[in-house]
Amino acid sequence: MTTKIPALVCVDVEPDVRRPDFNSRDGWKGFEESLRLFEELRRRAGVGALFNWFLRMDPQVEILYGSAAWAAERYGAQIDGLRAAGDEVGLHTHAWRRTGGAWVTDHGDQGWVSRRVRVSFEAYERAFGLACLSFRFGDHWMNDETFGLVESLGARYELTLEPGQRPSAGVPGDEVCTGRFPDYAKVPREPYRPAREDFRTRGEREMWVIPVSTTLLPPWPAAPLYRRAVWRARYGRRQYEPLSLALDPEQFRHAVGDIVVGGSARESRTPSVARGRRARRADDARAPRRRTIGLTTPEGGT
Ligand SMILES: [Zn+2]
């Protein structure tokens, strides 16, 4: 029996590294590779699967390449091709700020954040002659004021929120970040229209929130409490992470099992790009009761 589960695949189109060298004008190899990968997936799906691409058109891009619309100029033909195939092309905006010789993520200055968003929407409209309808902010960050601004600029779908993420003051590693990341512990897992006073709860706003699918990682299968305590001591607290091709294959398999199939990941067969055909054949021989996940287009959707 086939169960159809609608799924949106989002690709952020942005520089390969988070803090590029100020003299760098490199092409975006991650995007170029993604174009090839998703064309292959589209072909293998056999039913005209559609994807969603979110372009960086903010001042970090402007500083590096001389134009916020650089991606539309450099990859115009490819983006036109995606649109012609029926894909959605939206915006992905980060709040990077150049301070001296370094990049700082400046979520703490609302005026700064709002200008990044406005520059992005203006660049999009200038480049494509169209209003941007779909938006993803960088690093799963959002607040009510920015949400209202994105809605007022004409977007209809907001795809930033990652349910389960806890509030935090910064990002891991040695990056510098101002402001705070909001608490998404109670954000609904299904698409919803949010409340005016709090974008994280259901209400009457026009713009839809389509939350990212998340799961707790690393995967800790059912195990006695003492074993979980040992794992926690060794690896730290588990966190909600988005279902993403950036996960390693085992974590990706676990995440798909948890989010898409439900229950045991061992029963699911995921389209593994990294592991190769031989590994998949070995899997098939070992597990006779497997389910296959395929891609389809939405029926009668708008
Ligand atoms: Zn990003």
Based on this model, can you work out whether ARG97 counts as within 16 Å of the ligand (Cβ to nearest atom) and part of a loop (DSSP other than H, G, I, E, B)?
no
Would you be able to say whether some residue in the stretch 39-52 is in a strand (DSSP E or B), surrounded by 12 or more Cβ atoms within 10 Å (Cβ to Cβ) and in contact with a Cys (Cβ under 9 Å, 6 or more places away or on another chain)?
yes
May I ask you to list the residues in the stretch 133-169 that are surrounded by fewer than 17 Cβ atoms within 10 Å (Cβ to Cβ) and in a strand (DSSP E or B)?
SER168
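Let's see how each residue does on (1) surrounded by 13 or more Cβ atoms within 10 Å (Cβ to Cβ); (2) out of contact with any Cys (no Cβ under 7 Å at 6 or more places or on another chain); (3) hydroxyl-bearing (Ser, Thr, Tyr):
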residue: TRP220; (1), (2), (3): yes, yes, no
residue: VAL230; (1), (2), (3): no, yes, no
residue: TYR235; (1), (2), (3): no, yes, yes
residue: VAL260; (1), (2), (3): yes, yes, no
Confirm whether ASP174 is out of contact with any helix residue (DSSP H, G or I) (no Cβ under 8 Å at 6 or more places or on another chain) and either within 15 Å of the ligand (Cβ to nearest atom) or part of a helix (DSSP H, G or I) (or both).
no
For PHE121, which of the numbered conditions (1) of a type outside the set (Asp, Glu); (2) outside any helix (DSSP H, G or I); (3) more than 16 Å from the ligand (Cβ to nearest atom) fails to hold?
(2)
Given the conditions (1) exposed (fewer than 14 other Cβ atoms within 10 Å of the Cβ); (2) farther than 19 Å from VAL13 by Cα, and given that ALA195 satisfies all but one, which numbered condition is not satisfied?
(1)
Residues being more than 18 Å from the chain's Cα centre (by Cα) and on the phi < 0 side of the Ramachandran plot: count how many of those fall in the stretch 147-171.
9
Within the stretch 128-143, the count of residues that are over 13 Å from HIS92 (Cβ atoms) and touching a strand residue (DSSP E or B) at 6+ places or on another chain (Cβ under 9 Å) comes to 3
Residue pairs meeting the criteria (Cβ under 6 Å; at least 6 apart or on separate chains; first farther than 19 Å from GLN110 by Cα, in the stretch 165-191; second hydrophobic (A, V, I, L, M, F, W, C))
TYR184/LEU161; VAL187/LEU161; PRO191/TRP208; PRO191/ILE210
Number of the exception - LEU55 against (1) modelled with pLDDT under 95; (2) within 15 Å of the ligand (Cβ to nearest atom)
(1)
Apart from one, (1) in contact (Cβ under 8 Å) with a residue 12 or more places away in the chain; (2) more than 23 Å from GLU158 (Cα to Cα) all hold for ARG43; the odd one out is (1)
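The values are calculated or read from the model by the stated rules, or taken from the named source; none is laboratory data. No experiment lies behind these values; they were computed from the predicted model shown. Glycine gets a Cβ as well: all are built from the backbone with ideal geometry, and neighbour counts include every protein chain shown.
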